[in-house]
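The values are calculated or read from the model by the stated rules, or taken from the named source; none is laboratory data. Since we're looking at a predicted model, the values are computed, not measured. Quick reminder, even Gly has a Cβ in these numbers, built from the backbone with ideal geometry, and neighbours come from all protein chains shown.
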Amino acid sequence: MNVTMFLDMAVEGFGDRVLIGRRGDGLSAPRLRELAGGGARLIQRSGADALLYLAVSGTALPVALFAAALAGVPLVPVNYRLGREQLDGLLARHPGALTIADPELSPVSVPSAHPVRTPTQWLADAGAAGSPEESGDSAAPAVVIYTSGTTSAPKGVLLRHHNLVSYVLGTVEFGAAGAEEAALMSVPPYHIAAVSNVLTNLYAGRRVVALPAFSPESWLRLVRDEAVTNAMVVPTMLARIMEGEGLDRAVPSLRSLAYGGAKMPQRVIEQALREWPRVDFVNAYGLTETSSTISVLGPAEHRAAISAHDAAGRARLCSAGRVVPGIELEVRDDSGATVGPGISGRVWVRGEQVSGEYAGSTRAVDERGFFDTRDSGRIDEEGFLFIEGRVDDTIIRGAENIAPAEIEDVLLRHPGVRDAVVVGVPDEEWGQRVEAVVVRAPGVDIDADALRGYVRGELRGSKTPARIAFWPELPRTATGKLVRRDVVAELTYAEPT
């Protein structure tokens, strides 16, 4: 199976319906197929073994995705926001690649004999290149996406065609979208959601509109201008939309809003549910290694949680929902034994959409085919998954393992806290001590002692941060992930106050 089957099906099923871009000048499936074929021809003529993409989301991205698939090489969307040294290191891994790059975003030196094309040049050359000589190898990787590198050096995740095809077929019905529907893609191309959004919406027959650079104003304006019905955001985006003063948050066309990629503060989703009562909210949990979503908290569960009268029911608003069809999930303790409901452990998953494969290494699954997500979590009695944070983030204070997420949840419930992170800082006596960094809510002046007292009132003393620092913002990636190692480094060398 090859992802190009979705393009072929769209050509047959949706005719001249605009599926990529804005209503006035977007691409139909037949035109997308022509451009992808021309792009594949360019790749084949060059002899390139990969197609690098260093640009914002736009029309060039889906053309590049399907061109690479037709040519039998992987698409490699690279984070153009990386520092020069790290970016050059990633590019050096692909000396035989053809490259699409925006020099204004990323003035890099590409170690390849092939010419570098801007997105505009890529589309123009693809339009004039003609058809590919033959279809590509379905066994080749479809995409290579590098992990964010928030806890370690970036690794190239290999997603093969069968992984992506399995994900789409298991989560979307062909032709399910009406001709009037449009999906807004706000994440950058190097996020797995960008690739999955192109494939799932094309398969559903829903037009995809890309937002090159996010701001609350531009997001809201594009939703209204393009009559967007479906959108996906990361939590920091929704927080900025909800917190923006003076914003016109009217979105009459919006029917569904999915979010994921990082932890959503409960107060943010509660506000969004109040402000947009007619919108169906979906929390999607997944990883690059799992081809995107593996569990979903759907619209009905959101509404049930927000109106629940018991603590357990309300808590499900912070869950990742239940696993999608085709996914098996286990929570295991440190010995590898599967644990029962309510007990925390490591989350392992198995399924056709799960890759668990990295460039230059063997497939990282156990003897039963399960992949270690390296996330800590638990499942309740009704099958709702609660993600408690990365295993690597666990703070070991003396002989006690402390999950930062538990303390962060308490801090984020305080009305004076806009954002918070809890980390372990080296300590001679305890091994690690608990410290926190907080971003104050606008117009609020709360001090560290008051916040420490608030936490102590909710949790025991060993989980109360020894120190709370106040920063104007936390270090996050463009997709909202906390860069905890930067926080630890700053706190380690900062003088206690």
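Scanning segment 274-297 for residues that are in contact with a Gly (Cβ under 9 Å, 6 or more places away or on another chain) and surrounded by fewer than 17 Cβ atoms within 10 Å (Cβ to Cβ) yields one hit, Asp280.
Just one of (1) part of a helix (DSSP H, G or I); (2) among the small types (Gly, Ala, Ser); (3) at pLDDT below 95 fails for Gly261. It is (1). Contact annotation: residue pairs with Cβ atoms under 6 Å, 6 or more positions apart or on different chains, pairing a residue in segment 434-463 that is without any contact (Cβ under 8 Å) to a residue 12 or more places away in the chain with a partner that is crowded, with 16+ Cβ neighbours inside 10 Å, are Arg456/Thr464. Touching a strand residue (DSSP E or B) at 6+ places or on another chain (Cβ under 8 Å) and either assigned to a strand (DSSP E or B) or not assigned by TED's automatic domain parsing to the domain that holds Val76 (or both): does that describe Leu159? So Leu159 fits the description; yes.
Per the listing Tyr80, Tyr167, the residue uniquely surrounded by 22 or more Cβ atoms within 10 Å (Cβ to Cβ) and either at pLDDT 90 or above or within 18 Å of the chain's Cα centre (by Cα) (or both) is Tyr167.
Within segment 28-51, the set of residues being surrounded by fewer than 21 Cβ atoms within 10 Å (Cβ to Cβ) and not basic (Lys, Arg) comprises Ser28, Pro30, Glu34, Gln44, Ser46, Gly47, Asp49. Please enumerate the residues belonging to segment 249-291 that are among the small types (Gly, Ala, Ser) and over 30 Å from Val165 (Cβ atoms). Hits for segment 249-291 are Ala250, Ser253, Ala272. Mind checking which residues of segment 181-200 are assigned to a loop (DSSP other than H, G, I, E, B) and closer than 19 Å to Met9 by Cα? Selection gives Glu181 alone.
Determine whether Ser295 is out of contact with any helix residue (DSSP H, G or I) (no Cβ under 6 Å at 6 or more places or on another chain), modelled with pLDDT of 95 or more and hydroxyl-bearing (Ser, Thr, Tyr). So Ser295 passes the test. Among the residues in segment 225-243, are any touching a His at 6+ places or on another chain (Cβ under 8 Å), assigned to a strand (DSSP E or B) and buried (at least 19 other Cβ atoms within 10 Å of the Cβ)? The answer is no; no qualifying residue exists. The numbered conditions (1) modelled with pLDDT of 95 or more; (2) among the aliphatic types (A, V, I, L, M); (3) in a strand (DSSP E or B); (4) closer than 20 Å to Ser148 by Cα are all true for Ile387 except (1).
Within segment 328-357, the only residue that satisfies the criterion of being part of a strand (DSSP E or B) and surrounded by fewer than 12 Cβ atoms within 10 Å (Cβ to Cβ) is Thr338. Among the residues of segment 42-77, those identified as polar (S, T, N, Q) and not in a helix (DSSP H, G or I) are Ser57, Thr59.
Of everything in segment 1-27 that is part of a helix (DSSP H, G or I) and free of Cβ contacts under 8 Å to residues at least 24 places away in the same chain, the residue that is surrounded by the fewest Cβ atoms within 10 Å (Cβ to Cβ) is Glu12.
Looking only at residues in segment 396-423 that are part of a loop (DSSP other than H, G, I, E, B) and surrounded by fewer than 16 Cβ atoms within 10 Å (Cβ to Cβ), the one that is modelled with the lowest pLDDT is Ala399.
All of Ala364, Ala359 fail the test of being touching a Leu at 6+ places or on another chain (Cβ under 7 Å) and not assigned by TED's automatic domain parsing to the domain that holds Thr290, apart from Ala359. Condition first: touching a Phe, Trp or Tyr at 6+ places or on another chain (Cβ under 6 Å), in the same structural domain as Ser57 (by TED's automatic domain parsing) and at positive phi. Can you find one or more residues in segment 204-220 that meet it? Yes: segment 204-220 contains one or more residues that are touching a Phe, Trp or Tyr at 6+ places or on another chain (Cβ under 6 Å), in the same structural domain as Ser57 (by TED's automatic domain parsing) and at positive phi.
Arg363 satisfies every condition listed in (1) surrounded by fewer than 22 Cβ atoms within 10 Å (Cβ to Cβ); (2) at pLDDT below 95; (3) under 18 Å from the mean Cα position of the chain (by Cα) except (3). Considering only residues in segment 318-327 that are closer than 13 Å to Asp380 by Cα and among the aliphatic types (A, V, I, L, M), the one that is surrounded by the most Cβ atoms within 10 Å (Cβ to Cβ) turns out to be Ala320. Exactly one residue out of Ala399, Ala403 is more than 24 Å from Val438 (Cα to Cα) and not assigned by TED's automatic domain parsing to the domain that holds Ser292, and it is Ala399. Based on this model, can you work out whether Asp393 counts as surrounded by fewer than 17 Cβ atoms within 10 Å (Cβ to Cβ) and of a type in the set (D, E, K, R)? No: the conditions fail for Asp393.
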